[in-house]
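The values are calculated or read from the model by the stated rules, or taken from the named source; none is laboratory data. Note that the structure is predicted; figures quoted are calculated from it, not measured. Cβ: placed from backbone, ideal geometry, glycine included. Neighbour counts: every protein chain shown.
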Amino acid sequence: MIYRRAVLLTCFCLLTTTALCPIAAAPPALQQDKAASGAVGEHESVAIIAINSYDNLIADTNFIGGLAGYPEVGNMVEGFLALFTQGKGLVGLDKSKPWGIIVTTDGANFMPIGCLPVHDSNDLLQLLGAFQIKVDQRDDGLVEITPPNSPSLFVVEKDGWAYVSNQSRYLDQVPANPEQKFNSLVKDYDLAVEASIQKIPSEYRDLAIHQLRAGMEEGLKREADEDDETFKTRQQWSETQLKNIVESIEEIDRMVVGWAIDSGQQNTYVDFLYYATPGSALSQMMASVAANARSNYAGFYQPESAACLTFVTKSDPKLNAVGLEQMKETMATFREQIGDAIDQGDEGLLKNSETKKTLEKVALELLAAMEETIATGKSVGGAVLDLSPDRLRGDFDGNGIVDAADYTIYQDNLGLDAAVLNGNGSGAATVGQADYALWKANFGATAASSSGANLTLVVGGYVKDPSKIDSSLRELANIAEKESDFPGVNWNADEHEGVTFHTMQLPIEDDDPQVKKLLGSKVDCSIGIGKESVYFGFGRDNLAKTKEIIDSSRAQPDKTMPIAEWMVSLGPIMQVAAESPDIDDPQQKQILQTIAQMLRNETHGKDHIRAVGTAVENGFRYRIVAEEGVLRALGKAAESANQTATGGGFQ
């Protein structure tokens with residue numbers, strides 16, 4: 001519910017910006033109404049766009065450039081500025097202070113005012129002449145700037161700030177102490193936008209909602225092949241979303257979007273924050289979620305994996321009564337649609353009336369399990385994806401075949417550093433008998449027999465009544481057994497810490513050779529049923545991986561965790577890509593191998609793209625982070641692309 005509101009309100013803010021920012025003043029009718037009521041008065045900040053100081057931006061530019069092999073790129077920027085300004089640079093600008101735009105309102109107009117910190121605005125304005133921009137000093141103390149074929153801008157200097165606007169009257173009342181407003185944002189970001197939702201005049205909010213409703217109604221036109229039930233469902237869903245937006249407008253106090261380059265932590269990140277209106281229902285729910293962000297599924301947090309996800313949302317269901325009621329309505333619609341789809345089916349197993357009844361029963365039972373779980377206010381669990389190259393074990397010289405030459409390498413390096421085995425040994429630090437066993441077992445094998453990669457996926461979490469999942473699985477298996485090629489299910493194949501596992505091997509029927517190469521002709525699957533947990537495993541050794549996650553979770557009971565976190569590790573993905581037997585281009589393969597080696601040896605595990613949702617005071621923050629290794633990989637890729645384009649090759 002919280003995440004959905006954030007997305008919906010962001011859409012509302014974008015709509016408001018699109019609809020209102022291009023016009024500097026309110027529609028005439030609004031202005032007249034405000035003037036008649038005497039509501040037009042002191043200017044109040046509605047939005048702030050803050051940009052870090054020039055000095056900090058140059059330092060961050062040098063940091064980013066350094067990761068790509070160009071540590072002086074910021075200095076190059078300054079050199080270009082000097083070149084275009086006849087050696088003066090940005091003379092007159094105070095490079096130590098932040099700058100930006102403050103949008104104010106008097107209740108009738110939106111008034112954007114640019115704010116530049118200056119030592120002397122005249123020095124800065126004199127630079128414009130080189131670009132054929134006309135600068136006139138007016139009698140009222142304002143400076144009028146007229147670019148070629150463009151509307152004029154107006155500037156006034158006051159207390160070390162140059163204020164800029166497209167309307168001269170907006171400068172009658174300039175923002176007080178813009179540095180303080182900007183510093184509250186640039187202390188955490190290089191670029192940030194803050195919007196105060198509750199300060200937007202109600203007429204504009206109503207106008208934006210009206211336009212949003214009109215857009216939804218336009219998109220709700222009935223499609224030629226759409227049946228009554230589907231059309232009705234789309235209408236209900238749209239009305240629900242609009243209702244959520246309207247509610248959020250009253251419950252969200254302000255929103256912030258910020259981007260930063262953090263040279264200290266060697267990463268870059270983007271934040272999306274929103275803060276609830278104190279005392280609102282959303283504020284109470286957010287406080288409840290923040291106070292209960294503890295999980296019994298911490299074992300899913302595995303940053304060394306190719307990707308992982310954890311989530312923990314627990315709140316008092318009474319605080320989300322409206323959301324739960326909407327969920328029940330949605331589930332009721334799903335039940336009707338599923339029942340109709342099964343009844344109307346007439347192919348394959350759906351030709352049998354008894355099968356239809358069973359399938360409908362299973363679908364309704366799964367929906368009931370989902371609804372019961374959501375009604376508890378608990379959504380806790382996670383997922384882990386392991387990805388590794390399917391190496392040709394025993395191929396110590398890496399030539400694509402396990403032969404006598406590999407035995408020679410083993411024999412000559414027995415007891416020495418295992419790096420000589422090209423990554424195709426047992427994994428031990430030194431060459432030993434386990435490596436000989438691998439060579440012997442795989443003698444004669446070739447790279448053509450390799451699948452390219454090993455993939456393991458495990459997903460699991462809290463379910464209020466897992467027995468419904470178990471019974472549904474058994475019902476589906478009874479239906480599938482009527483098919484001659486169904487491989488069957490190994491019921492109660494294993495048990496671990498109170499979780500009972502059913503296993504099976506599913507054939508891969510995909511015609512794509514790449515899919516079959518990755519997964520093989522059959523894939524191992526498992527379903528674990530616990531007291532209040534369900535686990536799904538997929539791929540090689542998935543059962544062992546699931547047990548590992550269960551054990552790790554039990555060792556960290558009731559652990560405080562972010563509300564939501566997912567991460568992707570670039571290292572394992574690039575390693576698989578670099579060792580793929582399907583890459584024929586030697587230059588491309590070398591680039592991938594170089595990046596994979598850099599990620600493995602130089603970034604110390606800091607190769608993630610992370611997205612973390614956490615509670616802040618009376619609010620929620622969603623941060624997306626690209627770590628050092630990701631930035632360096634992008635730099636390497638850009639460098640190699642440039643070298644290839646210029647014919648320089650890749651070094």
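Residue count for the range 189-220, restricted to those that are modelled with pLDDT of 95 or more, in a loop (DSSP other than H, G, I, E, B) and not aromatic (Phe, Trp, Tyr): 1. Among the small types (Gly, Ala, Ser), more than 28 Å from residue 52 (Cβ to Cβ) and either touching a residue at least 24 places away in the same chain (Cβ under 8 Å) or touching a Cys at 6+ places or on another chain (Cβ under 8 Å) (or both): is that true of residue 168 in this structure? Answer is yes for this residue. Hey, any hits in the range 287-302 for a residue that's touching a Lys or Arg at 6+ places or on another chain (Cβ under 6 Å), surrounded by 17 or more Cβ atoms within 10 Å (Cβ to Cβ) and assigned to a helix (DSSP H, G or I)? The answer is yes, given that some residue of the range 287-302 is touching a Lys or Arg at 6+ places or on another chain (Cβ under 6 Å), surrounded by 17 or more Cβ atoms within 10 Å (Cβ to Cβ) and assigned to a helix (DSSP H, G or I). Each residue in the range 383-412 was checked for being among the hydroxyl-bearing types (Ser, Thr, Tyr) and at pLDDT below 85, and 1 of them qualify. Residues considered: 158, 199, 187, 181. Of these, the only one that is closer than 30 Å to residue 240 by Cα and out of contact with any Ser or Thr (no Cβ under 6 Å at 6 or more places or on another chain) is 199.
Candidates in the range 457-495 are the residues that are of a type outside the set (A, V, I, L, M, F, W, C), free of Cβ contacts under 8 Å to residues at least 60 places away in the same chain and surrounded by 15 or more Cβ atoms within 10 Å (Cβ to Cβ); of these, the one that is nearest to residue 310 (Cα to Cα) is 470.
The condition of being in contact with a helix residue (DSSP H, G or I) (Cβ under 9 Å, 6 or more places away or on another chain) and farther than 30 Å from residue 443 by Cα holds for only one of 368, 418, that being 368. Selection over the range 554-574 of residues that are under 23 Å from residue 606 (Cα atoms) and part of a helix (DSSP H, G or I) gives a count of 5.
So in the range 621-638, with the set limited to residues that are touching a Phe, Trp or Tyr at 6+ places or on another chain (Cβ under 6 Å) and not hydroxyl-bearing (Ser, Thr, Tyr), which one is farthest from residue 194 (Cα to Cα)? Once the filter is applied, the top-ranked residue is 625.
A quick yes/no check of all residues on (1) β-branched (Val, Ile, Thr); (2) in contact (Cβ under 8 Å) with a residue 40 or more places away in the chain; (3) surrounded by fewer than 18 Cβ atoms within 10 Å (Cβ to Cβ); (4) part of a loop (DSSP other than H, G, I, E, B):
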| site | (1), (2), (3), (4) |
| --- | --- |
| 527 | yes, yes, no, no |
| 537 | no, yes, no, no |
| 546 | yes, yes, no, no |
| 552 | no, yes, yes, no |
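The set of residues from the range 45-94 being surrounded by fewer than 15 Cβ atoms within 10 Å (Cβ to Cβ) and in contact with a Lys or Arg (Cβ under 6 Å, 6 or more places away or on another chain) comprises just one member, 55. Residues that are surrounded by 15 or more Cβ atoms within 10 Å (Cβ to Cβ) and either at pLDDT below 90 or in a strand (DSSP E or B) (or both) within the range 129-143 comprise 133, 135, 143, listed in sequence order.
The set of residues in the range 168-181 being of a type in the set (S, T, N, Q) and over 11 Å from residue 142 (Cα atoms) consists of 173, 177, 180. Annotation: of all residues in the range 255-280 being small (Gly, Ala, Ser) and in contact with a Leu (Cβ under 7 Å, 6 or more places away or on another chain), the one that is surrounded by the most Cβ atoms within 10 Å (Cβ to Cβ) is 276.
Of the residues 598, 567, which is farther than 27 Å from residue 496 by Cα, touching a residue at least 40 places away in the same chain (Cβ under 8 Å) and out of contact with any Ser or Thr (no Cβ under 8 Å at 6 or more places or on another chain)? Going through 598, 567 in turn, the sole match is 567.
All told, residue 95 falls short of being at pLDDT below 80 and among the charged types (D, E, K, R). Quick one: is residue 373 surrounded by 16 or more Cβ atoms within 10 Å (Cβ to Cβ), among the hydroxyl-bearing types (Ser, Thr, Tyr) and at pLDDT below 90? So residue 373 fails the test.
Filtering the range 77-92 to residues that are more than 22 Å from residue 260 (Cβ to Cβ) and either hydrophobic (A, V, I, L, M, F, W, C) or part of a helix (DSSP H, G or I) (or both) leaves 79, 80, 81, 82, 83, 84, 90, 91. Scanning the range 175-188 for residues that are free of Cβ contacts under 8 Å to residues at least 24 places away in the same chain, outside any helix (DSSP H, G or I) and over 14 Å from residue 56 (Cα atoms) gives 176, 177. Taking the range 43-76 as the range and being in contact (Cβ under 8 Å) with a residue 60 or more places away in the chain, polar (S, T, N, Q) and part of a helix (DSSP H, G or I) as the test, only 56 passes.
When each of 425, 382 is tested for being under 30 Å from residue 531 (Cα atoms), surrounded by 18 or more Cβ atoms within 10 Å (Cβ to Cβ) and not charged (D, E, K, R), the lone residue that passes is 382. Taking the criterion of being surrounded by fewer than 21 Cβ atoms within 10 Å (Cβ to Cβ) and assigned to a strand (DSSP E or B), the residues of the range 588-612 that qualify are 609, 610, 611, 612. Here residue 358 fulfils each of the conditions (1) exposed (fewer than 14 other Cβ atoms within 10 Å of the Cβ); (2) more than 35 Å from the chain's Cα centre (by Cα); (3) at pLDDT 75 or above apart from (1). Each residue in the range 617-633 was checked for being part of a helix (DSSP H, G or I) and of a type in the set (A, V, I, L, M), and 3 of them qualify.
Conditions tested, residue by residue: (1) under 30 Å from residue 389 (Cα atoms); (2) among the aromatic types (Phe, Trp, Tyr); (3) without any contact (Cβ under 8 Å) to a residue 40 or more places away in the chain; (4) out of contact with any helix residue (DSSP H, G or I) (no Cβ under 7 Å at 6 or more places or on another chain).
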site	(1), (2), (3), (4)
253	no, no, no, no
267	yes, no, no, no
273	no, no, no, yes
276	no, no, no, no
284	no, no, yes, no
293	no, no, no, yes
303	yes, no, no, yes
307	yes, no, no, yes
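Among (1) within 16 Å of residue 379 (Cα to Cα); (2) in contact (Cβ under 8 Å) with a residue 12 or more places away in the chain, which single condition is residue 364 missing? All conditions pass for residue 364, except number (1). Of the residues making up the range 413-430, those that are of a type in the set (A, V, I, L, M, F, W, C) and either modelled with pLDDT under 90 or under 22 Å from residue 575 (Cα atoms) (or both) are 418, 419, 420, 421, 428, 429. Just a yes or no: is a residue in the range 507-515 at pLDDT below 95 and part of a strand (DSSP E or B)? So far as the range 507-515 goes, yes, one or more of its residues are at pLDDT below 95 and part of a strand (DSSP E or B).
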